[in-house]
Structure formats: C-alpha cells, structure tokens
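Structure record follows, encoded as structure tokens.
Values quoted throughout were computed directly from the atomic coordinates according to the rules given, and no laboratory measurement underlies them. Small disclaimer: the values here were computed from a predicted structure and weren't measured. Because the Cβ atoms are built from the backbone with ideal geometry, glycine has one as well, and the counts that use them run over all protein chains shown.
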Amino acid sequence: MTIKTPEFQGTHLWDRLCWAKENLEAKQSDYRIVWQDPDKPEECSKVTVPDPNWLACALQGGILPPVEVYWALAEDEAKPDFKKHTRGYLLHNTKPVDAMTEEQAIEYLIMKDIPQRVWREYQKANRPRLVICKKDQLPSTREWRNAWKIDENVVNLEEVA
Amino acid sequence: MANGTIAFDTLTTSDSVKTGTEKSIDTSYIFNSIPKQWSNYAGSGTTFRDSFNSSSATDNGTGQYTITLTNAMSTDDNAYLYTNNGNQTNEVQAFTTGGERQLANIRAQATSSYGVQPIGDGGAQQDCALNCSTVLGDLA
C-alpha cells in the first residue's frame, strides 16, 4: 500500500525524516558511485553508497529539499569566517522535491554528497573520475582496496596490485 | 489523527510508583540531548544496516569511511561518537569476546559529514564488520 506524503513544506526536515523512518520501508540500492578526487590523484577510488532510509525518502517524494539548498549551505560553510549555519531554514522552507526514480536519486546524491570538483565539467576531464555501477561490479575482495582505480576504459574497476 | 501534532513544552509525571512526588522536565532538555544522526554499517562496502538522518556512506579506502547527513548540523562543534567491534569479518564478535584491540578515530568533522577510522592493534587502518556512529548537537 502506498502512503501519501503529508504537505511538508515548512516542516523541519528532521521531523520529516522522523515521519519517513516511521512510515517508509528502507530500500537498499544495488548502485554504487565510484569516484576519484581530481585534487588527490594519488588516492584510491572512493565508493559512495546511498543510505536505505534516505533512498526511501527520495523515492517517496515530498520530503527532501532541492539539492541547490545543500549547495547554498556548503557555500556558507566554505567561508573563512563561518561559525554556524544561519540559513538552515532553506532545508525546511524550500519546496521539497517530487518523487524520483532510483537512477534520479543517485544523480541527486552525487550532486549532494560528492565534491563538485569531481562531477562539474565531468566531460572535460582527461580521464574518468566518476562511475555509477552495480554493487557486483566492484572487486569481490578488499585485499587491494587502497589500490582501486577507475578503469580508463570506464568498464569496471580494476585492481592495481 | 494520522500525522497530527501534539505540542507541549513540559512533560510531567506523578511518579506514583516510586516516590509519589510530581516531577517535570522541559521537553527542550529531551530534544537537545538526543542523537541527531546515527548509523550502523559494515566497513567492507559501507552497507548500512540501519540509520537515521544519513544520506550516504563513502568507503574512502581500507578503514576510512565518511558518513554524510541529510539534515546538516548547525556547527561542526558537535559530539561525534564512533565505535566498532574490532573484527574484520564477524559482525557478531564483540570487543569483549576476543576482537582485536581497536582504536576508533573521528576525523574531518563538518556540519554535514564526518569521517571515521578504525585502527587495528598494529597501528594500521583496518575494515571492521560492525561500525556504529552518532552525532549529538544542534541541527541547522
């Protein structure tokens, strides 16, 4: 049975998450976001995994704020004189985004949780630095985890021993 | 009523079972002291078992994970707490039943994310099967 999201614009985001925790079924994603920080090319690839409760909110719609809100807060926090957020109301008062597909949710998550320098001007990079793949496309063992790099041919991850 | 609201500033109990003396507490005491985010996850693959107010976990390499919040905190001066069971493969095995000695580091605190580092007996970062972390503080 599907449950209707209450009208949440103006409701504190944390309260919305409490409602979601109580009413929505968590959804484990098969997708993984593999990325490489262009500012730290010596580091291994990182793998970001969506939170199942967060994904449930994204699929439900009407709960999460637009991703631009997170960018605004990140800009504030990046200022040298930042002490505390004074625009937290953006999280709560901005109209929530509609229901997303899982693929759209992954794209949203990339723009929210992965540094912009990774995915901005992605096409101009001279080597792939972000790949969305399925969980079973990752190496099955973590023996060489700190040597994982994105394959230049963007097919799979390769282990560099 | 579904999705209704009960607003109250104070909780009061008669405490008739124990003392019979009425006690009350300001609800802000409760809200201000509860965790604003928590998560339980496996280190290898950073798969969440359960959580609240997290949007993602990032596996940055062996024994290096980042948790990102959905509702950011107001500042980065929060109480970030992290623990693990010190075992790479067995999520059931607890520290007290033979798990390795383990350090649990918190690093790179920000208003919307924080990093954790399980460090094994030999001083190297090490994946752990059971990781639990939480944040206490004020929400943005």
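So if a site counts as exposed when it's one of the trypsin sites (Lys or Arg not before Pro), its DSSP state isn't H, G, I, E or B, and it has at most 15 other Cβ atoms within 10 Å, what's the longest stretch of chain B without one?
Details: sites that count: B:18, B:101.
The longest such stretch corresponds to B:19-100.
To the nearest 20 debye, what is the magnitude of the charge dipole of chain A about its Cα centre, counting +1 on the Cβ of each Lys and Arg and -1 on the Cβ of each Asp and Glu?
Working: 23 positive and 27 negative charges, 52 e Å.
Charge dipole, chain A, about its Cα centre: 240 debye, nearest 20.
Which whole-number percentage describes the relative contact order of region B:4-53, with Cα contacts under 8 Å and a sequence gap of 6 or more? Relative contact order for region B:4-53 comes out at 23 percent.
Loop by DSSP (not H, G, I, E, B), at most 12 other beta-carbon atoms within 10 Å: where is the longest site-free stretch of chain A for GluC sites (Glu not before Pro)?
Values: sites that count: A:7, A:25, A:42, A:121, A:143, A:152.
Here the longest segment lacking exposed loop sites spans A:43-120.
Sort B:44, B:51, B:16, B:113 so the one with the fewest other Cβ atoms within 10 Å of its own Cβ comes first. Don't jump to the answer; show the numbers that get you there.
Values: B:44 15, B:51 23, B:16 9, B:113 19.
In order of increasing Cβ crowding within 10 Å: B:16, B:44, B:113, B:51.
Gain on full extension, evaluated as 0.36 nm per residue between residue A:102 and residue A:137 minus their Cα-Cα distance, stands at 10.8 nm.
With the charge dipole of region B:36-136 set up from +1 on Lys and Arg Cβ and -1 on Asp and Glu Cβ about the Cα centre, the Cα lying farthest toward the positive end among the listed residues B:112, B:133, B:75 is that of B:75.
Spatially close Lys pairs in chain A, defined by Cα atoms under 19 Å apart and a spacing of eight or more places or different chains, total 17. With N counted as the residues of region A:15-154, its alpha-carbon radius of gyration over 2.2 N^0.38 Å works out to 1.17.
Once you keep just the Cα pairs under 8 angstrom separated by 6 or more residues, what percentage relative contact order results for chain B? Spell out each step's value before the answer.
Values: 318 pairs, mean separation 37.6, N = 140.
The value is 27 percent.
Give me B:121, A:113, A:76 sorted ascending by neighbouring Cβ count inside 10 Å, so fewest comes first. Each step should come with its number before you reach the end.
Numbers: B:121 11, A:113 25, A:76 17.
Taking fewest neighbouring Cβ atoms as first place, the list is B:121, A:76, A:113.
Each of residue B:19 and residue A:74 was given a label point 7 Å from its Cα along the Cα-to-Cβ line. The distance between the two points is 5.0 nm. Look at the alpha carbon pairs under 8 Å that are at least 6 residues apart: their mean separation over the length of chain A gives a relative contact order of 28 percent.
For region A:70-139, which trypsin sites (Lys or Arg not before Pro) are both in a DSSP coil and crowded by at most 15 other Cβ atoms within 10 Å? Could the numbers behind the result be given before it?
Working: sites: A:83, A:84, A:87, A:112, A:117, A:120, A:124, A:129, A:134, A:135; in loops: A:83, A:84, A:87, A:120, A:129.
Of the trypsin sites (Lys or Arg not before Pro), the ones in loops of region A:70-139 whose Cβ has at most 15 other Cβ atoms within 10 Å are A:83, A:84, A:87, A:120.
Let's test the formula: R0 of 25 Å, r as the Cβ-Cβ distance of residue B:8 and residue A:4. What FRET efficiency results, to the nearest 0.05? Provide the component values of the computation, followed by the final result.
Numbers: r = 27 Å, r/R0 = 1.07.
In this case the efficiency is close to 0.40.
Reducing region A:59-93 and region A:27-47 to their Cα centroids gives an inter-centroid distance of 23 Å. Helical runs (DSSP H, four residues minimum) scored at -39500 (n - 2.57) apiece and divided by the length of the protein assembly as shown put the mean residue ellipticity at 222 nm at -5500 deg cm²/dmol. For the protein assembly as shown, the Cα-based Rg and Dmax, in that order, read 20.7, 74 Å. Summary of the geometry: region B:110-129 and region B:51-72, compared by the centres of their Cα atoms, lie 12 Å apart.
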